[in-house]
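One structure below.
Derivation of every value follows stated rules applied to the coordinates shown; laboratory data play no part. Since we're looking at a predicted model, the values are computed, not measured. FYI the Cβ positions are ideal-geometry reconstructions off the backbone, even for glycines, and counts take in every protein chain you see.
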Amino acid sequence: MAEKFKISNLDLYYGDFHALKNINMSIASNEITAFIGPSGCGKSTFLKSLNRMNDLVEGCKITGSVLLDGEDIYNGMDVNILRKRVGMVFQKPNPFPMSIYDNIAYGPRTHGIRSKAKLDEIVEKSLRDAAIWDEVKDRLKKSALGMSGGQQQRLCIARALAVNPEVILMDEPTSALDPISTSKIEDLVIELKKQYTIIMVTHNMQQAVRVSDKTVFFLLGEVIESGETERLFSVPQDKRTEDYITGRFG
């Protein structure tokens, strides 16, 4: 399996707080990697360091290296290009207050695509790939804010797909959704890994088991254990992993 990300000796500080401690891992292309662990243990912080969202946080300092296809994202890579290659879907659906069509066309337009025919094509393809085209094709000009929560989250996935990324980061993408919407997003994520590398923070361990190929267990800013999801959940190598997945703490 080709390696998409290689992270070496990554440390991250918020002021004096040492939030991530010596993280080392590889993330393979076209796989779903799940990050699990208790709240506040560094999963989302680490996820955001993969597309430099932490650059926006005051007092944040990062050492070590994060290579995307062998290129260090913190050393000379244009952050706009990085975020085109590494898209993000957040915990709460956050559609822009504009039409469904304009939500999807927004990214391609900022990257210079002006042709209406081309934009129409991107909008349709992105919505199809996010498994929501049939539900919205007759109301593309209506506000995205009128959609249900589950639809809004698939719209946000479509919006991330519209700029043709290589990687999609998902920060607990289903935690605000009902079980049916959650199941649709999980099916969608499994389908999307044929074309994209997906990295997902989840609080829901059953979800990690259902969708991910690899799982990484974080605790207090450190990676305790990582590996094939099935193996990590059935025969954890570290007592702390076992305690977490069997519900003894967390």
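What does DSSP give for the chain in terms of the percent of beta bridges that are antiparallel, rounded to the nearest 5? Counting only bridges with both partners in the chain, antiparallel ones make up about 60 percent. Cα-based radius of gyration for the chain, normalised by 2.2 N^0.38 Å, reads 1.01. Protection proxy ranking for 205-213, 157-165, 50-58, using the average of other Cβ atoms within 10 Å per residue and placing the highest first: 157-165, 205-213, 50-58.
Judged by the mean number of other Cβ atoms found within 10 Å, the most tightly packed of the peptides 106-117, 34-45, 236-247 leads the ranking 34-45, 236-247, 106-117. The calculated pair-distance distribution of the range 130-250 uses every alpha carbon pair, bins of 10 angstrom beginning at 0, and gives 12, 40, 30, 14, 5, 0 percent. Note on the range 1-38 and the range 71-102: Cα centroid distance 18 Å, given to the nearest whole angstrom. How high is the relative contact order of the range 93-213, given as a whole-number percent (alpha carbon pairs under 8 Å, six or more residues apart)? Reported relative contact order: 29 percent. Its relative contact order, with pairs defined as Cα atoms under 8 Å and 6+ residues apart, puts the range 181-243 at 21 percent. Based on the reciprocal of the average 1/r between different C-alpha atoms, the Kirkwood radius for the range 85-172 equals 12.7 Å. Could you give the distance between the Cα centres of the range 46-69 and the range 157-188, to the whole Å? Between the Cα centres of the range 46-69 and the range 157-188 lies a distance of 22 Å.
By its C-alpha gyration tensor, with a ≥ b ≥ c as the square roots of the eigenvalues, how is the range 1-95 shaped: rounded for a/c under 1.5, else prolate for a/b larger than b/c, else oblate? Rounded is the answer for the range 1-95, as its axis ratio a/c remains below 1.5. In terms of packing, defined here as the mean over residues of other Cβ atoms within 10 angstrom, the peptides 21-28, 128-135, 170-177, 76-83 line up highest first as 170-177, 128-135, 21-28, 76-83. Suppose the Debye formula is applied to equal point scatterers at every Cα of the range 149-218; what is log10 I(q)/I(0) at q = 0.24 Å⁻¹? The Debye formula, applied to the Cα set alone, gives -1.20.
In the structure displayed, which of 193/214; 6/84; 21/193; 6/61; 6/48; 116/141 lie more than 21 Å apart, Cα to Cα? The answer is 21/193.
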